[in-house]
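The values are calculated or read from the model by the stated rules, or taken from the named source; none is laboratory data. Here the structure is a predicted model, which is why all the values come from computation and not from measurement. Cβ coordinates were reconstructed from backbone atoms using ideal geometry, including for glycine residues, and neighbour counts include every protein chain displayed. Calculation scope for accessible area: heavy atoms of the full protein, side chains included, ligands and nucleic acids excluded. Shrake-Rupley method; radii C 1.70, N 1.55, O 1.52, S 1.80 Å.
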Amino acid sequence: RPDAVALRPRTPARERANIRAGALSRAGERAAEMAATPAPTPSLWALVGSQALVPPSSLATVLSSAGGGTPFANHDCIGLATPILDWDRLRTGLRTSCAHTRDTRTLQCAGTIEGWHDHVLPFLRLGLPGVADEDPIDFAALDRAEATLAAQCPLGMLVLNIARTLLCAVARDAACYIRHTASVSKQLFTVPLTVIMGTEWPIFALLNSGDWSWPGAPAGSDYACDGSNGSEAVLKWPLLRQAFTDDRPGVSWWRESVKYVFDKALVDDFYRASRQCLYGVYVMNMVKAMWASDTESSSYDVYAPYVQWILYESLHYLGAGGWPIFALLHHFTALRRHGFRLDFTAAELGALPYREHGEWLQSLPLERHLALIEAPSSWRPLFAETVEALRAGLSRADHLRFVYVTMVYGRFNQYIAGWAERARRLGIGNLVMAALDDEAYDLCREHLGATCVRGSISVLNKYTVLLIALQLGIDVMWFDFDIFLVQNPGPMISAAAEGYDLLMGYDYDSDCLCNGFFYLRARPVTHRWLFEMVRWLYDHPYEHDQRAISAFLNYTEKVALKAEHLPAQPRWFVLDVNNAFINFASWEGGFEELQLVHFVDGSAFSLYGRSESDPSVPETKRRMATDEENGGVKRTAMDFFYQPGPIAADPATFWREQPQLTRLLEGQRRPRPAQKQKCGILPSVETAHSGYGWLVEAGA
């Protein structure tokens with residue numbers, strides 16, 4: 001529990017109206033007090049014009065304590081201003097034969113690139129004429145440019161080096177192979193597994209596509225462990241290997257391998273197991289690292305170093321050893337929840353001049369505030385459009401002076417018109433919508449106008465617009481799109497935020513925070529905390545963003561980051577999820593207090609670029625209700641709410657006018673649990689959080 005956060009006792013429902021009125025009065029008094037305070041004069045103000053911010057290109061590099069190096073590194077070399085090679089064409093031309101699944105029959109084709117040599121060879125020659133076709137291992141031109149190419153695009157150069165290593169093997173040129181395989185091995189060992197997960201460079205798929213029959217494994221060796229199957233064997237190694245080759249329909253290497261890799265005999269006699277079948281132990285560690293990153297990711301750091309150590313081995317041993325090591329290493333890319341792509345630069349997200357002065361901006365008259373954050377024409381178009389959308393939202397805000405932000409794409413586009421109409425019905429004009437595909441943007445512009453923002457499909461875009469808003473002195477309330485607004489929640493949010501800079505969603509049944517809706521105040525500590533969290537999330541593409549938020553608030557979920565490396569936390573508490581800001585699965589049943597319903601749709605796996613096998617999508621989230629009045633057609637709970645009647649309904653008479661929805665929510669009422677469930681997919685794992693957090697003690 002953060003020392004700076006005092007527990008808030010539960011407030012009786014009958015007192016909440018008075019609290020809301022008092023909060024509005026105090027907010028007005030605070031604004032008047034701040035307006036009388038002299039304007040801040042930081043040294044950075046010299047860079048700021050009287051009417052606008054400076055272009056991001058003139059700002060200093062953002063420094064951060066959440067990790068070393070440049071924030072949001074462009075590992076994939078996407079859209080470089082002056083590329084030496086056409087990295088985008090090189091990367092996008094390397095495609096595997098099929099998509100990832102967890103079926104055994106796709107393990108190899110998902111990690112194999114057909115025709116890679118024809119695609120890569122022109123790049124190895126740098127497109128220069130005069131290199132004889134009959135000499136595919138003449139790399140003299142590439143050798144001269146290698147240092148420069150590696151400086152511009154390290155992973156792209158690694159891919160080229162892998163390709164020429166494979167070509168040396170095809171030519172059976174020992175000197176060529178030894179020279180280049182040594183270089184590749186060194187480079188591979190320095191690339192973190194998290195980068196392998198997130199990059200679009202198919203590094204291990206390319207290695208898996210080579211013919212490793214030469215130089216192959218030493219004669220008489222048994223890396224496949226066929227001879228280690230007697231009574232003294234710690235594990236039945238041939239059966240483990242068979243789990244990756246049984247390609248019958250429906251057989252899953254992901255499930256079949258688990259019964260072996262988590263066998264207690266391996267834990268009890270790990271040293272003897274590694275002597276019997278070292279490559280089997282390598283595979284065991286890879287599968288464990290996959291399960292850790294996909295489920296209880298707090299244990300990821302336990303297994304990741306063992307995977308990295310595999311790359312001490314010679315590449316031809318790994319390729320010819322009888323185990324699908326390169327195919328499995330490539331499968332780590334199937335575990336990412338986002339790639340290394342952002343719509344905004346590090347400076348745009350973290351280095352705008354007003355980021356330290358949100359409170360001062362909010363003390364100004366609204367017109368002055370809006371004038372100071374006007375986007376100059378010199379800014380990048382997407383960034384300028386985002387700033388203008390936030391300004392437009394702020395200009396439409398009432399005296400509470402914050403904006404709501406949400407995002408939409410894909411199948412949820414069908415709800416955009418209803419979302420916009422419901423907001424208008426509730427008097428909400430300060431709604432900013434990030435549209436992540438062309439259809440969504442067109443519909444957003446049609447129904448909301450100037451408060452629409454273009455974006456690409458990535459879970460990180462849930463936070464990038466918020467980071468920009470916080471630097472402009474704009475408080476934000478985030479909503480996932482699978483939400484229905486029953487009332488205008490502004491007054492209740494304002495009252496709940498008194499004394500806090502961050503309000504989170506919370507689960508009714510378990511001691512877990514929920515990021516389906518949350519409030520952020522534009523303060524330096526809040527912006528820095530969110531920036532550090534997003535940066536860490538970017539560098540760890542396997543991690544679920546909700547778990548990361550909880551971990552960065554030092555609550556009941558952990559990630560692979562030590563507590564002492566966490567940034568300072570804002571003053572935070574949770575919204576009333578018992579009756580006011582509810583998740584659809586269960587609530588206490590106070591209809592008069594209900595502000596919104598979060599349907600916890602479970603479709604975010606597509607936002608993460610993953611399949612429905614994502615373990616963070618429980619089966620209960622895919623349940624459908626049957627609309628008897630519509631011929632028995634099955635529809636989601638969200639479909640029931642987004643009908644013309646509920647969309648247009650008066651909040652004061654909503655439940656009387658919508659008996660079907662009343663019955664639907666009545667069915668979700670549950671007594672408040674005497675003891676909440678512990679949080680976490682695998683809460684008994686040693687690295688997970690033990691026990692309960694301070695919110696349980698507070699009775700939240």
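Assorted remarks:
- The orientation-averaged projection of the convex hull spanning the C-alpha atoms of the range 140-229 amounts to 7.6 square nanometres.
- The GluC sites (Glu not before Pro) of the range 200-256 meeting both criteria, a DSSP state outside H, G, I, E and B (loop) and at most 11 other C-beta atoms within 10 angstrom of the site's C-beta, are Glu232.
- Per-residue extension of 0.36 nm, minus the Cα-Cα distance of Gln660 and Glu588, leaves a gain of 24.1 nm for this segment.
- Sulfur and carbon atoms: percent of accessible area, the range 374-445 [1.4 Å]: 49 percent
- Per-residue ³J(HN,Hα) for the range 651-666, Karplus 6.51 cos²θ - 1.76 cosθ + 1.60, θ = phi - 60°, Hz, x for Gly and Pro: x, 5, 10, 3, 6, 6, 7, 10, x, 5, 6, 4, 5, 4, 6, 4
- Summing charges over all other residues whose Cβ lies under 12 Å from the Cβ of Ala73, with Lys and Arg as +1 and Asp and Glu as -1, gives 0.
- Value in Å of the Kirkwood radius, where the range 378-506 supplies the Cα pairs that are averaged: 14.8 Å
- Computed from phi, the 3J(HN,Hα) profile of the range 506-516 under the Karplus parametrisation 6.51, -1.76, 1.60 (θ = phi - 60°) reads 8, 8, 6, 9, 10, 8, 10, 6, 10, 9, x Hz, with x in place of Gly and Pro.
- Distant-in-sequence amide contacts of Ala434, defined by a placed amide H-H separation under 5 Å and a gap of 5 or more residues or a different chain, comprise Thr406, Met407, Val408, Val453.
- Here is the tail figure for the range 231-389: Cα pairs spaced more than 28 Å apart come to 46 percent of all pairs.
- As a calculated quantity, the FRET efficiency between Arg172 and Gln152 at R0 = 51 Å, using C-beta atoms, amounts to about 0.95.
- Stretching the chain fully between Leu121 and Ile137 yields a gain of 4.8 nm (0.36 nm per residue, less the alpha carbon separation).
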